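Each remark here refers to the structure printed beneath this line.
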Amino acid sequence: MCSHLAFLTTLVLVASVQAGPRAYPRQACTAAATTAASASAATATSTTPLHSAARAAGKLYFGSATDNPELTDQPYVAILSQSSMFGQITPGNSMKWDATEPERGVFTFAAGDVIADLAASNGQLLRGHNCVWYNQLPSWVSSGGFDNATLTEIVATHCGTVVGHYAGQTYSWDIINEPFNDDGTWRSDVFYNTMGESFVPVALNAARAADPKTKLYINDYNIEGTGAKSTAMVNLVKSLKAQGVPIDGIGIQCHLIVGEVPSTLKENFEQFTALGVEIAITELDIRMTLPSTTALLAQQQADYETVISTCTEVEGCIGVTVWDYTDKYSWIPSTFPGQGAACPWDANLVTKPAYDGIVQGFESC
Ligand code: 9MR
């Protein structure tokens, strides 16, 4: 059954790649996720490449974030560049506002271009990340004291220029990043406080004009399960569609905690795709309190499987990106002291049981 489906979806994939990357239909999957029967080792047993597993499951890609300083690490780059392992990459930092427009009207693309060139030379899809975010924002924007009209021009120019620079090179772009508080209210930042909700359509319209083909996403965390923040995202996408503002996708970051994967993932993913947008898991990692133990690694394997199998089961979930593939370069320990081991490869670039969970998740139907 699965291999038959895989064959059919491969045919569809070939057609879709020839027509340019896009979401594509596949058979509905109704199989329940299987929990790993025995996860006791500290290393993975599967050697199935993850992007190949994603493709066989009817998905467009399995990918990883990466960052420029890591690219001097040859063993790391060798794994990242395996196109059967990673069919997509996302720049962790080098396309953000502080990197691309450090002074008003002065655009710097050298670091972002390195990631875009790496994706191209590896034959990998590229996700742009990100245009409008309260963080990693130069002080000339956050503390500039601009009025609504001036900031509107600044946002449109920034998104138009950055997305335009990479026109034709990206599959998708996180145009708006993390606009909501956890209670579903708008985040208080220079964009919302100056422009109200209009910063969202201003950015999306500028991006669409700059690259009509790239898929425009709004990306956030703590929208994995149902709740106030997910409802706010639903209402925003409905409102944008009603106004005719271009919006193609919702990015579900999935920075999760071992043993705490929300129970409403599937219901929530389906309420997003019912809006007529695609969804992607954009920043997956599942952290634990250190030290890691065999039991924690087994639970992490099951948690990765749960997340991936949910994406497998929901037709409009088009791909999965881990927020770097190895604990060596994870953002977690510096942000959450005492926590870590969140990625599917350990700090020695050895695959962990989580890797098996990903493979099992893609094979869940
Ligand atoms: O991975 C990024 C890390 O290197 C930066 O220091 C950090 C600064 O905010 O941003 C990290 O990436 C974030 C992403 O852009 C948006 N979602 C949360 C990610 C983890 O903080």
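The values are calculated or read from the model by the stated rules, or taken from the named source; none is laboratory data. Remember, predicted model here, so these are calculated numbers, not experimental data. With ideal geometry, Cβ positions are generated from the backbone for all residues, glycine too; neighbour counts draw on all protein chains shown. These accessible areas exclude ligands, DNA and RNA; they are computed on the full protein's heavy atoms, side chains included. Shrake-Rupley method; radii C 1.70, N 1.55, O 1.52, S 1.80 Å.
Here are the numbers for this structure:
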{"item": "Protection proxy ranking, peptides 143-152, 209-218, average beta carbon neighbours within 10 Å, highest first", "result": "209-218, 143-152"}
{"item": "Rg ratio (alpha-carbon, reference 2.2 N^0.38 Å) - the chain", "result": "0.94"}
{"item": "Radius of gyration and maximum dimension Dmax of the range 195-344, Cα, Å", "result": "16.6, 51"}
{"item": "Amide H partners (placed H, <5 Å) of residue 128, local residues excluded", "result": "171, 172, 173, 174"}
{"item": "Size of electric dipole in the range 276-365: Cβ of Lys, Arg +1 and of Asp, Glu -1, about Cα centre, debye, nearest 20", "result": "340 debye"}
{"item": "Estimated translational D of the range 84-167 in µm²/s (Stokes, Kirkwood radius over Cα pairs; 4 °C; 1.567 mPa s)", "result": "96 µm²/s"}
{"item": "Of the DSSP H helices in the chain, those whose Cα atoms cover at least 15 Å axially and whose Kyte score averages -1.0 or more", "result": "2-18, 110-122, 148-165, 199-210, 228-243, 294-313"}
{"item": "The range 108-241, dipole about Cα centre (Lys/Arg Cβ +1, Asp/Glu Cβ -1), debye to the nearest 20", "result": "420 debye"}
{"item": "Carbon plus sulfur fraction of accessible area for the range 188-245, probe 1.4 Å, in percent", "result": "48 percent"}
{"item": "Volume in Å³ per residue [convex hull over Cα atoms, computed for the range 267-365]", "result": "100 Å³"}
{"item": "Residues with amide H under 5 Å from that of residue 322, placed H, sequence gap 5 or more", "result": "63, 64, 65, 284"}
{"item": "Range of Cα positions in the range 118-243 per principal axis (Å), largest first", "result": "41, 36, 29"}
{"item": "Residue-normalised accessible area of the chain, expressed per residue, 1.4 Å probe, Å²", "result": "38 Å²"}
{"item": "DSSP beta bridges in the range 191-329 [antiparallel fraction, %, rounded to 5]", "result": "0 percent"}
{"item": "Residue pairs, from the table 213/352; 59/238; 213/241; 238/266, whose Cα atoms sit over 27 Å apart", "result": "213/352"}
{"item": "Segments 289-295, 118-124, 83-89 sorted - mean Cβ within 10 Å per residue, highest first", "result": "83-89, 118-124, 289-295"}
{"item": "Accessible area of the range 31-171 belonging to carbon and sulfur atoms, whole % at 1.4 Å probe", "result": "54 percent"}
{"item": "Rel. contact order, % - alpha carbon contacts under 8 angstrom, at least six apart, the range 200-253", "result": "50 percent"}
